[in-house]
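Undergrad: Structure in structure tokens, see below.
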Amino acid sequence: METFYSLYPVFKHTHMTFVALSVLFFLVRFSLHLKQSPIMDTKFVKIAPHVIDTLLLLSGLVLCFCIKQYPFVDAWMTEKLGAVVAYIVLATIALKANRNKLFKVFAALGAISWIAYAAKLAVLKQAVVLG
């Protein structure tokens, strides 16, 4: 089991790579979506985000076990999970909502803001304390 914990840097960098890929691919798809590019209809563009995001979530799960901190147990991890859910919801709205471009741009900016907040939580490992 000691080997599992000694691989923390590998798990962490793998997770960070998938975060970067997810955000980069979202931004590329969003700009293609705004241009109404036919590239958006290709099989790769439709399947790749699901593969990337699945691997992102799996690598996050492995990290949870590696550092022994879990959502709904540790406050910062619960907030991070909420931020990731907000990112997914706003990114989906930005790409699929039947709204005008300005609305979609604000949804995309919101998605990026939430993922930046999740990154802040990952670095500081400290939840916002209310009250």
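Undergrad: Over the chain, with every protein chain in place, what whole percent of the accessible area is carbon and sulfur at 1.4 Å, could you tell me? Mind dumping the intermediate values first?
TA: On the way: 6190 of 8600 Å².
Result for the chain: 72 percent of the exposed heavy-atom area is carbon or sulfur.
Undergrad: Could you tell me which trypsin sites (Lys or Arg not before Pro) in the stretch 48-131 are loop residues by DSSP with no more than 16 other beta carbons within 10 angstrom of their beta carbon? Show your work: numbers first, answer last.
TA: Working: sites: K68, K80, K96, R99, K101, K104, K120, K125; in loops: K68, R99, K125.
Answer in residue order: K68, R99, K125.
Undergrad: Provide the per residue accessible area, probe 1.4 Å, for the chain, rounded to a whole number of square angstrom. The partial results should precede the final answer.
TA: Numbers: 8600 Å² over 131 residues.
Accessible area per residue: 66 Å².
Undergrad: In whole percent, what relative contact order does the chain give with Cα contacts below 8 Å and a gap of six or more residues?
TA: Working: 105 pairs, mean separation 32.5, N = 131.
Across the chain, relative contact order equals 25 percent.
Undergrad: If you don't mind, another one. Past 30 Å, Cα to Cα: identify those pairs from K96/K125; K68/K104; K46/K104, in the order given. It would help to have the intermediate numbers written out before the result.
TA: Working: K96/K125 33 Å; K68/K104 38 Å; K46/K104 19 Å.
Listed pairs above 30 Å: K96/K125; K68/K104.
Undergrad: May I pose another question? Provide the gained length on full extension for the span A48 to A127, in nm with one decimal, where the gain is 0.36 nm per separating residue minus the Cα-Cα distance. Mind showing how you got there, number by number?
TA: On the way: separation 79, 0.36 × 79 = 28.44 nm, distance 3.17 nm.
Full extension of this stretch gives 25.3 nm more.
Undergrad: What's the percent breakdown of Cα-Cα distances in the chain across 5 Å bins, shortest bin first?
TA: 2, 10, 18, 21, 18, 13, 9, 6, 3, 1, 0
Undergrad: Let me know the charge dipole size of the chain about its Cα centre in debye, to the nearest 20, where only the beta-carbon of Lys, Arg (+1) and Asp, Glu (-1) is charged. Provide the component values of the computation, followed by the final result.
TA: Working: 13 positive and 5 negative charges, 104 e Å.
The dipole of the chain has a size of about 500 debye.
Undergrad: Starting from 0.36 nm per residue, how many nanometres of slack lie between S37 and T92 once their C-alpha separation is accounted for?
TA: The span from S37 to T92 would gain 18.1 nm if fully extended.
Undergrad: Can you find, among V128, I39, A75, the residue sitting farthest towards the positive end of the charge dipole of the stretch 36-131, where Lys and Arg contribute +1 and Asp and Glu -1 at Cβ?
TA: Toward the positive end, the furthest listed residue is I39.
The values are calculated or read from the model by the stated rules, or taken from the named source; none is laboratory data. Predicted model only: the values in this text are computed from it and were never measured. Positions of Cβ are generated from backbone atoms using ideal geometry, with glycine treated the same way; all protein chains shown enter the neighbour counts. Keep in mind that these areas ignore ligands, DNA and RNA; they rest on the heavy atoms of the full protein, side chains included. Shrake-Rupley method; radii C 1.70, N 1.55, O 1.52, S 1.80 Å.
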